[in-house]
1. Which whole-number percent is the relative contact order of the chain (Cα, under 8 Å, 6+ apart)?
2. What is the percent of Cα-Cα separations in the range 66-196 that go past 22 Å?
3. Mind grabbing the base-10 log of I(q)/I(0) for the range 184-343 at q = 0.17, 0.18 Å⁻¹? Debye formula, identical points on the C-alpha positions, no solvent, two decimal places.
4. With a probe of 1.4 Å, find how much accessible area the range 164-240 has per residue, and write the answer as a whole number in Å².
5. Checking understanding here: applying a Kyte-Doolittle mean of at least -0.5 and a length along the axis of at least 24 Å (C-alpha), which whole DSSP H helices in the chain pass?
6. Among all the lysines, which ones have a C-alpha under 18 Å from Lys411's C-alpha, if same-chain residues fewer than 8 places away are not counted?
7. From the alpha carbon gyration tensor of the range 301-411, can you work out the equivalent ellipsoid semi-axes (sqrt of 5 times each eigenvalue) and give them in Å, largest to smallest?
8. I'd like the projected area of the range 219-260, averaged over all directions, using the convex hull of its alpha carbons. Report it in nm² with one decimal.
Amino acid sequence: MFLKTITAAGAFALLGSTAMAGCGITAGNVSILSNDFPAIQAVTAAASACAGDGVTVETNLTKDHKDIMVAALTANPAQYSSVIVSNSTLVTLMNDGLVRPIDDLVAKHGAALNKSQLITVNGKVMAVAFMANAQHLFTRTDVLAEAGVEGVPATYEDVLAAAEKVRAAGLMEYPVALNTKAGWNLAEEFVNMYMGTGADFFKAGTAEASVNNKNGVATLEMLKSLVAYSNPDYLTYDSNATQAEWEAGNLAMATMWGTRGGAVLDDEGSTAEVVAGTLLSAAPTWGNGARPASTLWWDGIGISTNISDEDAEATFIAMMNGITTEVVKANNDAAVWLVEGYTPSPASAGVSGTAAGGAAPYPMVPFMGALHTALGAEITDFLQGTESAQQALADVEAAYTAAAKEQGFLK
């Protein structure tokens, strides 16, 4: 197993630095693949400003980036010179050797970067983090108050009790939403909830899955209890759908990514009533656990292996131009930035509270992706009532074991 040590020293300390002023690129091709949300849009727009004589900059921002990145970077030359990576996607790309160490580029062009931004694997810098993220609770305090609910739910048991009061008061039939679209999103909700138990996903010191246990069963049962208060089409709800439902005023409580906070609290999609009633808070705990049921994430810059050194350097410089203090100040509420100049705001309260509450980072082990995929494929039958929790988790472990053997993590 090549992935021995991963460090992001103080990555959630909300600190960073100012990148070099100006682009200073004279030649090279820059092509960026990433997810699509406001913070990423700001970063890639600033990077695109480096285009000019002898330099091209192209971007592909898509929610399907995880599905295309491996094939796109396996090509030689790679289709993209950079991928904006996260805890999980960096590991996936490193498993196939598709992103390169960037110590030389950091030394040459990243002197102003804070050490906390450098994602180091086995002593080599493999990415530069520029923002933190986590899923946490969004609450319509006005709706809860009308239903007779006091305060903001601190546990998922509180969420369920509040949801019942909202429904019983006739205010909303489906007051709760999570990002439960079948596949990656649903698996992430399982991961978040399971992390709240404090249990491990794998047997100690091995790649052998260990989720078919009392913690896994309890996790599935809590998810099923929550989706009972969700729209019957909950298996289609990704971040965009959940945000749209929130802005339309159709939800009282939702688990959403912190990066959606700024968009929800602005006046471009939500009504004044929704904005005034929305409060962002830490991810709830549950089952008498102390750890928030969420995972801490970072997003950062990775540079492709299968490109020329000239394109790699041009890409790194352009991406540094995308994460300057000026970019952060102009887009302060779009993310919890790890760059100097960021000022915490109401939009960041949920991520900050989740981190302060002791939420753990998403597991960065090379076989976590295979387990995540198995979860997304196998737990829907339980939620739809066609399979027991134990059988669903047995199916998860079987699917994971087959994939882990194929990938060489298990014999």
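1. 28
2. Roughly 58 percent, once rounded to a whole number.
3. The calculated log intensity ratios at q = 0.17, 0.18 Å⁻¹ are -1.14, -1.18.
4. Using a 1.4 Å probe on heavy atoms only, each residue of the range 164-240 averages 39 Å².
5. Both cut-offs are met by 389-406.
6. Answer for Lys411, where 18 Å is the Cα cut-off: Lys203, listed by chain and number.
7. 38, 25, 11
8. Projected over every direction and averaged, the Cα hull of the range 219-260 covers 3.3 nm².
The values are calculated or read from the model by the stated rules, or taken from the named source; none is laboratory data. Here the structure is a predicted model, which means the values were calculated and not measured. Note that each Cβ is placed from the backbone with ideal geometry, even for glycine, and that neighbours are counted across all protein chains shown. Calculation scope for accessible area: heavy atoms of the full protein, side chains included, ligands and nucleic acids excluded. Shrake-Rupley method; radii C 1.70, N 1.55, O 1.52, S 1.80 Å.
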